[in-house]
1. Got a sec? How would Glu111, Glu24 order by Cβ neighbour count within 10 Å, fewest to most?
2. Rounded to the nearest 20 debye, what is the charge dipole size of the stretch 3-144 about its Cα centre when +1 sits on each Lys and Arg Cβ and -1 on each Asp and Glu Cβ?
3. Return the distance in nm (one decimal) between the two label points of a simple spin-label model at Met143 and Ala29, each offset 7 Å from Cα along Cα→Cβ.
4. At 0.36 nm per residue, and after removing the present C-alpha to C-alpha distance, how many nm does the segment from Val70 to Asp92 gain when stretched out fully?
5. Please report, in whole Å, how far the alpha carbons of the stretch 30-94 spread along each principal axis, starting with the longest.
6. Evaluate the stretch 3-144: find the radius of gyration of its Cα atoms, find its Kirkwood radius, and give the ratio Rg to Rh.
7. How much net charge surrounds Thr82 when only other residues with a Cβ under 10 Å from its Cβ are counted (Lys, Arg +1; Asp, Glu -1)?
8. Residue-wise, which Karplus ³J(HN,Hα) couplings in Hz belong to the stretch 33-42, taking 6.51 cos²θ - 1.76 cosθ + 1.60, θ = phi - 60°, and x for glycine or proline?
Amino acid sequence: MGWMGSLVNGLSGNLNEISPQETEKEFGAFLMEGEAVQACFRLVRDVLIVTDKRIIDIDKQGATGTKLRVSSIDLSSVFRVTVETAGFGVDDSEITIEYIVSPYYRMNGVETAQKTWEFPRSYQVESLYRFLQEAAYRSHQAMNG
C-alpha cells in the first residue's frame, strides 16, 4: 500500500473524507492547473486538502462559514514535523509542521513558519504524522542533496 493509501486508511475512520471529485467540484477554484487531489478531509468547519503538490488549508470563518481563508504549503518546503498526542482529560492531539516560506531554499537567512492543526482526542494522528514526516524527509534530502 502506498503512502496515500496509508494516509486515507488512517484518517477516514475519524474524519469525514471527501472524494476527489467532490473536492474538485466544491474547491476546484483553489486548485492549480493540472493539480491532482489525493485526499480531502472535513475537520468540523475546516477542510484539509492534500494534493500531489501541496497541503491546502481552508478555514471557514464567520457565523455562517461562508467566508473562507485559504492557505497552502508546498510539500517540498516542509522540513520538520512534530506530533503531540492526546493525553488524559480534555487534551487534543496536535501536529505542527515547520516549512520554508522564502522563495529560495538554499540561501542564508531563509524565512520559516509553522502551522499547527488540532484534532479531537479520538483522532489517530500517527498516519498523518508519518505522511508529513516522509514529505519532510524527501524535502530535506532534496534541499541538502
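1. Values: Glu111 10, Glu24 18.
By the 10 Å Cβ count, ascending, the order reads Glu111, Glu24.
2. Numbers: 14 positive and 20 negative charges, 32 e Å.
For this selection, approximately 160 debye.
3. With each label point 7 Å from Cα toward Cβ, the separation is 3.3 nm.
4. Details: separation 22, 0.36 × 22 = 7.92 nm, distance 2.33 nm.
Extra length from Val70 to Asp92 when fully extended: 5.6 nm.
5. Largest to smallest, the principal-axis extents are 45, 35, 17 Å.
6. Numbers: Rg = 15.4 Å, Rh = 16.0 Å.
Radius of gyration relative to Kirkwood radius: 0.96.
7. Working: positive: Arg80; negative: Glu84, Glu94, Glu98.
Summing Lys/Arg as +1 and Asp/Glu as -1 gives -2.
8. So the J values, rounded to whole Hz, are 3, x, 6, 10, 6, 9, 7, 8, 9, 9.
Each value in this text was obtained by applying a stated rule to the coordinates, not by laboratory testing. Since the model is a prediction, treat every value here as computed from it, not as a measurement. Methodologically, a virtual Cβ is constructed for each residue, glycine included, from the backbone with ideal geometry; neighbour enumeration extends over all protein chains shown.
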